[in-house]
Amino acid sequence: MKHRITSWFGPGLLVAFASLSQPALAAPVSAELLAAAEKEGKVTWCNGSIPDAANQEMIKRFKELYPKIDLVMLRSTSQVAYQRLHQDFQNKMRNCDIFSSSDISHFVELDNAGRIEEYVPANAAEIHPEYKMLYKEGFYYPGMIALQIMSYNSDLVDKASAPTNWTDLLDPEWKGKAAMGHPGFSGFTGTWLILMRELYGDEFLDKLKENAPLIGRSNTDSVSQVVAGERLIGVSASASIYQSQLRGNPIEMVYPEDGSLLMVAPVAIVKDPANPSAARVFMEFLLGEDYSEVAMNVAGDYPVNKNVKMDDRQRAIGTFKTVRPPLDTIVNEMRESIELWRDTFGN
């Protein structure tokens with residue numbers, strides 16, 4: 001099951017502290033579009049990807065920009081959000097205007113089924129060129145950019161003995177000491193599982209099982225387990241680790257030498273939304289500078305908008321090896337990989 005793995009060694013992003021700017025009406029939103037959106041009065045977002053740490057600040061920022069539009073957020077894991085969206089389609093309900101997920105295969109399936117509203121946001125022109133291959137123009141765009149990497153408890157593990165590669169998860173030294181999410185709930189973990197199968201074959205799972213990792217649901221569970229000392233090392237998103245560090249917790253990032261997984265969590269307007277104009281305003285917001293600043297400074301994500309510069313609290317893309325399975329591999333092998341995981345671990 002070997003396929004091409006895309007390695008990303010693009011030019012490093014400029015490193016600087018980015019401060020939250022004063023809110024101002026986003027230029028791409030025309031007076032006509034804004035009037036129609038305010039008449040609708042709300043936009044409903046089925047959020048399966050944007051982390052909780054950024055949500056409240058993001059809602060606040062959106063409300064400051066567009067005080068007459070209420071943002072209703074339905075937050076869950078990516079796979080649960082997708083199941084609910086499918087139920088809405090089957091029942092001919094319109095509970096969701098905007099959908100986001102960390103599993104890009106969801107958007108390919110929705111696109112193929114004609115369930116994405118075609119729209120080209122003006123702010124799409126401001127997406128950083130590093131991410132050009134991570135979205136489909138007019139249909140789905142990056143709502144979040146982050147990494148799937150490793151972590152360790154810095155109070156309990158010396159830096160010199162911390163893991164450096166994904167294969168360290170199979171080392172008997174870490175037996176019963178690792179934590180990770182579940183691919184049946186977390187799109188990040190599902191894509192990571194595909195990457196491990198591509199790099200090391202299906203035997204990776206069998207060896208991983210022998211090392212008895214602690215498996216949670218969300219991709220963020222491993223961070224809590226590492227911080228609490230329940231496990232010493234973990235597999236999780238860079239943003240979740242960063243958020244924990246901001247709270248003063250003893251957790252450090254590891255950018256694996258065999259490649260940090262570059263992750264995108266796309267967003268799209270669902271077909272025939274209840275609030276089409278408000279949905280378009282929200283898409284402009286998600287691709288604009290305001291949200292990229294919130295995502296970086298509060299959540300630790302990488303800024304999608306090219307005008308927002310990365311701060312120096314995380315390593316800039318281009319200064320370390322990043323990898324990502326091809327899109328067709330993710331689409332074709334996600335379900336198979338989840339079933340293989342369940343057959344291996346029995347959950």
Over its alpha-carbon atoms, the stretch 71-197 yields an Rg and a Dmax in Å of 18.6, 56
Rounded to whole angstrom, the alpha-carbon centroid of the stretch 107-161 lies from that of the stretch 190-212 at a distance of 22 Å
Diffing the stretch 300-305: the Karplus 3J(HN,Hα) column from phi (6.51, -1.76, 1.60, θ = phi - 60°), in whole Hz with x for Gly and Pro, holds x, 6, 7, x, 6, 6
Summed over the other residues with a beta carbon less than 15 angstrom from that of residue 28, with K and R at +1 and D and E at -1, the charge totals -3
Answer check: the stretch 86-152, Cα atoms, Kirkwood Rh, Rg/Rh ratio of 1.02
P(r) of the stretch 212-347 over all Cα-Cα pairs, 5 Å bins starting at 0, rounded to whole percent, reads 2, 8, 13, 16, 18, 18, 13, 8, 4, 0
If each part is reduced to its alpha-carbon centroid, the stretch 238-263 and the stretch 293-347 end up apart, in Å, by 12 Å
Heads up, the stretch 161-227 by the C-alpha gyration tensor (a ≥ b ≥ c square roots of eigenvalues; a/c under 1.5 rounded, else a/b over b/c prolate, else oblate) looks oblate
Whole-Hz Karplus couplings 3J(HN,Hα) for the stretch 57-65, θ = phi - 60° and coefficients 6.51, -1.76, 1.60, Gly and Pro as x, run 5, 5, 4, 4, 5, 4, 5, 5, 6
Between the Cα axis of helix 327-345 and the main Cα principal axis of the chain, the angle (0 to 90°, nearest 10) is 50 degrees
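Give the order of 238, 76 when sorted by the count of other beta carbons within 10 angstrom, beginning with the fewest.
In increasing order of surrounding Cβ atoms, one gets 76, 238.
Which order do 315, 75, 197 fall in if you start with the one that has the fewest other Cβ atoms within 10 Å?
Values: 315 18, 75 15, 197 23.
Lowest to highest Cβ neighbour count: 75, 315, 197.
Once the cut-off is 39 Å, how many percent of the Cα-Cα pairs in the chain end up in the long-distance tail?
When every Cα pair of the chain is considered, 12 percent fall beyond 39 Å.
About its Cα centre, how strong a charge dipole does the stretch 199-347 have in debye, to the nearest 20, once Lys and Arg get +1 and Asp and Glu get -1 at the Cβ? Let's see the in-between values first.
On the way: 15 positive and 22 negative charges, 65 e Å.
Approximately 320 debye in magnitude.
Each value in this text was obtained by applying a stated rule to the coordinates, not by laboratory testing. What you see is a predicted model; the values in this text were computed from it and never measured. Note that each Cβ is placed from the backbone with ideal geometry, even for glycine, and that neighbours are counted across all protein chains shown.
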